[in-house]
1. Have a look at B:81, B:63, B:315 and report the one farthest towards the positive end of the charge dipole of chain B, computed about the Cα centre with Cβ charges (Lys/Arg +1, Asp/Glu -1).
2. On the Cα set of chain B, report Rg and Dmax in Å, please.
3. When the gyration tensor of the range A:44-100 is built from Cα positions, what are the square roots of 5 times its three eigenvalues, in whole Å, from largest to smallest?
4. Which lysines, if any, have their Cα less than 28 Å from the Cα of residue A:53, not counting same-chain residues under 8 positions apart?
5. For the range A:296-348, rounded, prolate or oblate, judged on the Cα gyration tensor with a ≥ b ≥ c (square roots of eigenvalues), a/c < 1.5 rounded, else prolate if a/b > b/c?
6. Quick one: which residues, 5+ away or cross-chain, put their amide H under 5 Å from the amide H of residue A:174? H built at 1.01 Å from N.
7. Please compute the modelled spin-label separation between residue A:113 and residue B:154, points set 7 Å along Cα→Cβ, answer in nm with one decimal.
8. If the viscosity is 0.692 mPa s and the temperature 37 °C, what translational diffusion coefficient in µm²/s does Stokes-Einstein give for the range B:1-62 when Rh comes from Kirkwood over Cα pairs?
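Here, each number is a calculation from the coordinates, and none is a lab measurement. All figures in this text were calculated on a predicted structure; none of them were measured in a lab. FYI the Cβ positions are ideal-geometry reconstructions off the backbone, even for glycines, and counts take in every protein chain you see.
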Amino acid sequence: MPGDLKDGRIVIVGASLAGLRAAEALREEGFTGSLTVVGDEPHPPYDRPPLSKQVLLGRAAADTTGLPMRQDPDADWRLGVRATGVDPLAKQVLLEDGESLPYDRLLIATGTRARPWPNPEEAALEGVFTLRTREDAGGLAQRLAAGPERVLVIGGGFTGSEIASACRERGLEVTVAERGPAPLVGALGGTLSKLAAVMQRNHGVDLRTGVTVTALRGNGSFTGAELSDGSRVDADVCVVALGAVRNVEWLAESGLAAGPRGIACDAGCRAFNMYGIVTDDVFVAGDVSRFPHPLFGYQMLSLEHWGNAVEQAEVAAHNMVNPGPLQRPHLAIPSFWSTQFGLNIKSVGVPTYSDHVVIAQGSLEARRLAMVYGYKGRVTAAVTVDMAKSLDYYRHLIETAAPFPPPPGAADRAIAADVPIPSDVPDPKGLSHGPTVALTGYLPDRRLTLVQPG
Amino acid sequence: MDSDTLLARITDYANRPDPYPLYAELREAGPAVRQADGSYLIGTYHEIVALLHDPRMSADPRSRTAPAPYEVTRKPPFLRLDDPEHHRLRNSAMRPFGPPHSPGRVDSMRGEIVQLTKELAEVFQEGRQIDVVDDFAYPLPVTVICRLLGIPDKDEQLFQDWTDTLVASADIGPEGDTAERDRAGGQAQEEMGRYLLQLAELRRGRPTGDMLSDLVNEPDPAVRLSEEDLAANTILLFIAGHETTVNLIANGVLTLLRRPDQLDRLREDPGLLPRAVEELLRYEPPVHMRERVPLVDIDVAGTTIPAGTSVILALASGSRDPMRFSEPDRFDPTRPDNQHVGFGSGIHLCFGAPLARIEAEAALGALIPHLGTAHLVQDPPPYRQNAMLRGPRHLPIQL
């Protein structure tokens, strides 16, 4: 009976962006039953993008990024308590305080946490930070405001680059150590990462690429680090920006398809169990999920994007309270943005799902451009630098699986517009951090071949 | 009727009071409707938005090759230039106007604008007959843009004459010989540019807090405007900064007097005003059409439009496309998801939109309390000649 879906008990585990938006959407969809939201952080839902930007610049306090509620979802908020497991047969979420919460339908939106420095003793040195939570950002902002001699950022992904940008804007000396050939290479590929490297160096960043940090040094407090090329960086603050770890460990005994790359679900946000059978009462949304996308070969996508958390939460909520034939797929085109070193970078599609790129508008020299990515003759992504108004055009090309390279003739076309070059997306193994879009099946040019006899 | 004469019929002055049935005919015949003169007319929302974002569509009239290009001798202002030149000039003009370099400029004028609307609304006394255009809708934005740019009040009339000439010369429509109109436009452009450069020169080294001062005293040589560009862009800012707002306000009053229920609703709930302004921009927008020219042959919903052809995007038609908006011909200030194209879209998205919104909100906010018993003396009112920038020339009402 469809009517029943609007009633009953729904538990959402995860009280960040996806959890909040799902709770709101459930009410907007007419859910009248009991709604419980569990979050291990003590705070009501807050926004994370400002933490690596405005907060580090001292323009906003870390505790002022609370997410506005569109409407009060009338939920029982269980904040500051960790979920420790799911009993799928008894349909209960187990909490660390020993309580268990019965549910009719469950939404998992536990997101990710910062990947810690692998050596716990070194990680515990005073002055060593990661950046994921409000507390992380508040502590780091305070240290930056105190004017350290030098900041070492380990990892040149988006978070690491934004931190380096904030440091330079504050006039602080900063070193970025990246294992790959350039910053942002994992997310944007080789060509744009060259621009990122130039921007960092032009802004006075001491950028070290092709190196790893082998040890953090200090006696109680961090004093410096040793690099794989034998050099040493003296610094009094270290930010470990090695990407994210998906919060799935609590599901180890749940029988769900949960692993290091997230929880697998179908396009309707319904979780798979460990046998690949879709569940009908467990849903997944946000950074912790991995889902198939038809525009990218039905590969499982794992996204750490603000927009994905919102869109997927709304689809999950809709599908939790509507019967099968009325359910919707989550087919949004991935998109994200970043601001760093005075540049506005926006992306649509999946840049890592590519074999070639063209600079369709503008140029690297002008630091204003639109780069279009293609895979096997089809447009699969676009990234603009200070050219965000062009993004909708490229989004449309991706949505319609337009041929790659895109049609020429842009008024501000680059000289190289018609000459695709390899997109140069590296193997994630060679990066300090993961790309923000992970194809958790296979990379396009590393497709496994099934050899069948006969 | 023939759809290849739609543009001629839309621009025909007889249809100025109500072009909307013609837009419906256009959408029916569309999406890309070839006109007898070789140009194409586009009236459907999704195609318009796609073309506004398409980097292969030029805003520069000099990109026209077919049919016969009309004479464009002067370098156009950035509104009719393409990137990267458009971006350079728009950016330079934007620096003293909005974020990131001047984030508070427009908002800081709000108090002054509200004060101005109050003063202008004093003529709205019960029993009087007034002309909403001449007595209110025109003086408000002209005074605002003069103060913003730094033009002395005493020279307003000069600017009004130049503006009328320039706007007439920028009209579109298949009519006869435009040589005289073009000549007069050129002369007005030159005189107005010379005046503005002289005014700017007075501010060099002696800034007076206005945009002209900021433009001429720009410290960064990389973004400082040449004299030619300074003249062209300040003329554009002056004209675009008020010409459209006049129509937005007059169209707003006209719409509300035709819909007393909505007028009552706004009087009771002034908090709805910002959304009512958005709905006006959809329902009775000041800008009805914009021209673009494809730089290569492009495909629009199965029709190939050859490079160099004039393409007229009927924005006002797009904002009433039933494929995009439910009940598009209904004026509804509470309409959800009101993504109209009243300010255009893409790289030429209206630069002055934040100012226009403040002016329209302040103007309607000041007038609504006076319109309780008002009625239109003439419906439809006499319209201005221009089909692209559409609005009443006069709007006589009895209070």
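1. In chain B, that residue is B:81.
2. Just the Cα atoms of chain B yield Rg and Dmax of 20.8, 62 Å.
3. Values: eigenvalues 209, 42, 18 Å².
Three semi-axes, in Å: 32, 14, 9.
4. Excluding near neighbours in sequence, the set is A:194, A:346, A:389, A:429.
5. Details: a/c = 3.87, a/b = 2.23, b/c = 1.73.
Taking the square roots of the gyration eigenvalues as a ≥ b ≥ c, the range A:296-348 is prolate.
6. Counting only residues 5 or more places away or on other chains, the set is A:151, A:206.
7. Between residue B:154 and residue A:113, the simple spin-label model gives 7.4 nm.
8. Numbers: Rh = 12.5 Å.
Diffusion coefficient, whole number: 262 µm²/s.
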